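Below is one structure, written out as structure tokens; comments come after it.
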Amino acid sequence: MAYSEKVVDHYNNPRNVGSFGKDTPGVGTGLVGAPECGDVMKLQIKVNVETGVIEDAKFKTFGCGSAIASSSLATEWLKGRTVDEAAKIKNTDIVNELKLPPVKIHCSVLAEDAIKAALSDYKEKWAKAEAGADSGAS
Amino acid sequence: MTLKLPIFMDSQSTTPVDPRVLEVMLPYFTEKFGHPASRNHPFGWEAEGAVDRARGEIAKLIGARDPKELVFTSGGTESINLALKGVAEMYREKGNHIVTTAIEQRAGLDVCKRLERQGFEVTYLAVGADGVVDPEAIRAALTDKTILISVMLANNEIGTVQDAAAIGKLAKEKGIVFHTDATQAVGKVPVDVEAMGIDLLSATSHMLYGPKGVGALYVRRKGPRVRLAPMMDGGGHERGMRSGTVPVPLAVGFGRAADICREMMPDESKRLSALRDRLQDAILSRVDEAFLNGHPERRLPHNLNISFAYVEGESVLMGLNKDVALSSGSACTSSTLEPSYVISALGVNAELAHSSIRFGLHRFSTQEEVDFVAARTVDVVQRLREMSPLYELAKEGVDLKTIKWKAE
């Protein structure tokens with residue numbers, strides 16, 4: 001299978017590989033997929049609790065090149081967005097950007113799931129602190 | 001010696017034609033173009049002679065008593081189809097049960113699936129953690145309706161070599177036809193249809209440095225005489241078992257390739273197994289939690305299959321594929337989106353099946369290539385582990401089995 005240039009680029013130069021401490025204030029963690037399916041993504045966001053803006057994002061992925069590229073791209077897109085804007089990222093955006101073939105669409109779905117899981121983990125843990133700041137920011 | 005990239009280490013998929021093979025083939029495309037079934041002129045006699053010499057060389061390589069026991073086909077898949085369907089149809093009134101294994105290559109499994117739809121019963125035997133089929137498990141699976149035992153000689157992924165002699169002995173004892181898919185084994189390890197009690201044997205030329213497009217089926221003529229219903233009707237070529245013009249240049253190439261393999265086998269298998277061990281040691285000594293798949297001794301000399309925990313196979317290949325041609329049991333590299341059924345059959349967890357990488361050395365592999373591939377593989381695996389959430393969890397002491405995974 002030939003990979004698109006963008007997939008190869010993300011695979012060779014993955015952006016934002018790494019981890020935040022799970023309990024660091026403002027950090028939301030999403031862990032999706034399953035080892036027996038051949039894909040696991042861990043995606044983390046670090047949100048400024050005052051502004052609701054995602055200041056940093058990191059990922060680690062067990063999976064094929066397209067899964068790595070999808071999660072790498074997701075971290076790039078998350079940085080600088082507000083939590084609400086981040087929720088609007090769709091798997092189809094990732095498919096289009098990376099030119100994923102049909103058999104790799106599940107990689108983009110998993111990336112979208114990872115974003116949602118990180119956002120909901122963030123809200124669960126830090127929602128109270130965010131609530132005031134969020135209304136002020138918007 | 002300078003390294004020439006990309007390096008081919010996928011010899012279980014195919015092998016390059018040996019230049020000595022190509023040389024003897026060429027005249028049969030042009031000046032010696034006759035039809036081997038043309039009995040009335042020199043062009044035909046010349047072609048027939050060449051095909052029969054090739055038959056003799058292949059017979060010699062597998063220990064067949066009579067070259068006439070070899071039927072030329074288009075390759076391994078056709079040989080397997082002819083063997084299984086041919087026996088099923090011919091012996092139908094005797095019984096409808098077939099015993100095979102869960103790790104046969106696709107052709108063997110798919111033919112069995114079709115036969116099941118036609119009313120045959122098929123037992124797919126499990127293999128041990130080392131990929132070996134227990135002959136006693138075969139014995140236990142036999143019924144008075146069993147007409148065929150079909151067990152591959154050497155597996156195409158893990159290279160595990162089965163105890164064909166024990167299976168052949170059992171088959172003789174019970175009067176059941178024994179077929180073996182030897183596409184990976186012929187030319188690489190000693191095969192002797194007499195000593196091993198093999199009644200039907202499938203082989204293909206392109207796995208032993210011959211051309212693609214030709215294979216052979218060995219069909220025993222004596223003790224017992226095996227009869228097959230043909231799949232192809234027509235001119236009655238190949239003793240009526242496979243009508244169709246024998247592709248003379250390809251058959252000649254197959255014969256020469258068999259001849260070279262027979263001559264080179266003692267030295268070649270020693271050289272390749274030493275290189276294979278070097279590759280294995282270089283990788284396993286530098287990467288933790290990397291596991292050898294298949295039996296450590298009973299395996300093809302050129303075959304190495306390793307699962308690298310916490311990294312996915314296709315992503316390993318992607319890191320290497322500009323420079324090295326390899327294959328993986330990962331679902332992402334298969335058309336079915338399932339991980340390798342062979343690795344899964346070994347009882348290892350599914351994650352490790354996704355993580356398996358197959359290395360296949362061949363006649364033209366060099367030590368420089370082995371060292372290069374080992375170093376690159378180690379680099380890529382380490383780089384991918386740095387970005388693997390599973391590796392991170394494992395290093396933190398988390399048992400991955402205790403996590404509730406949210407699968408798609």
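Taken together, the values in this text are just the output of simple stated rules run on the coordinates, not laboratory data. Owing to the predicted nature of the structure, the values given are computational and were not obtained by experimental measurement. Every residue, glycine among them, receives a Cβ derived from its backbone with ideal geometry; neighbour counts consider all protein chains shown.
One compactness figure for chain B is 1.03, namely its Cα radius of gyration divided by 2.2 N^0.38 Å. With axes computed from alpha carbons, what is the tilt in degrees of helix B:248-284 against the longest principal axis of chain B, rounded to the nearest 10 within 0 to 90? Roughly 20 degrees, rounded to the nearest 10. Peptide A:39-48 shows a mean partner chain C-beta count of 3 within 10 Å per residue C-beta. When you count the other C-beta atoms within 10 angstrom of each residue and take the mean per peptide, B:345-358, B:15-28 line up highest first as B:345-358, B:15-28. For chain A, complete DSSP H runs whose alpha carbons reach 27 Å or more along their own long axis and whose mean Kyte-Doolittle score is -0.5 or higher are A:105-137.
Cys residues of chain A that find no other Cys beta carbon under 4.7 Å: A:Cys37, A:Cys107. In plain terms, if you count all Cα to Cα distances in the stretch A:5-125 and split them into 5 Å steps from zero, the share in each step is 2, 13, 25, 26, 19, 10, 4, 1, 0 percent. Reducing the stretch B:1-63 and the stretch B:213-260 to their Cα centroids gives an inter-centroid distance of 14 Å.
The trypsin sites (Lys or Arg not before Pro) found in the stretch B:204-304 that occupy coil by DSSP, while having at most 10 further C-beta atoms within 10 Å, are B:Lys222, B:Arg225.
Per the Debye calculation on the stretch B:19-260 with a single equal scatterer at every Cα and no solvent contribution, log₁₀ I(q)/I(0) for q = 0.10, 0.13, 0.15, 0.16 Å⁻¹ amounts to -0.45, -0.74, -0.96, -1.08. For the stretch A:1-59, chymotrypsin sites (Phe, Trp or Tyr not before Pro) meeting the loop criterion (DSSP other than H, G, I, E, B) and having at most 13 other Cβ atoms within 10 Å: none. Amide H contacts of A:Val27: A:Val47, each under 5 Å away and 5 or more positions distant or on a separate chain (H built 1.01 Å from N in the peptide plane; Pro and chain starts excluded).
Looking only at trypsin sites (Lys or Arg not before Pro) in DSSP loops with at most 15 other Cβ atoms within 10 Å, what is the longest site-free stretch of chain A?
A:23-87
For the stretch B:265-398, the Kirkwood radius over C-alpha pairs fed into Stokes-Einstein at 4 °C and 1.567 mPa s yields D = 85 µm² per second.
Counting only C-alpha contacts under 8 Å and six or more residues apart, can you give the relative contact order of the stretch A:1-95 as a whole percent? All intermediate terms of the calculation are to be shown ahead of the outcome.
Numbers: 160 pairs, mean separation 25.9, N = 95.
Reported relative contact order: 27 percent.
Grouping the Cα pair distances of the protein assembly as shown into 20 Å bins from zero gives a pair-distance distribution of 21, 43, 26, 9, 1 percent in increasing distance order.
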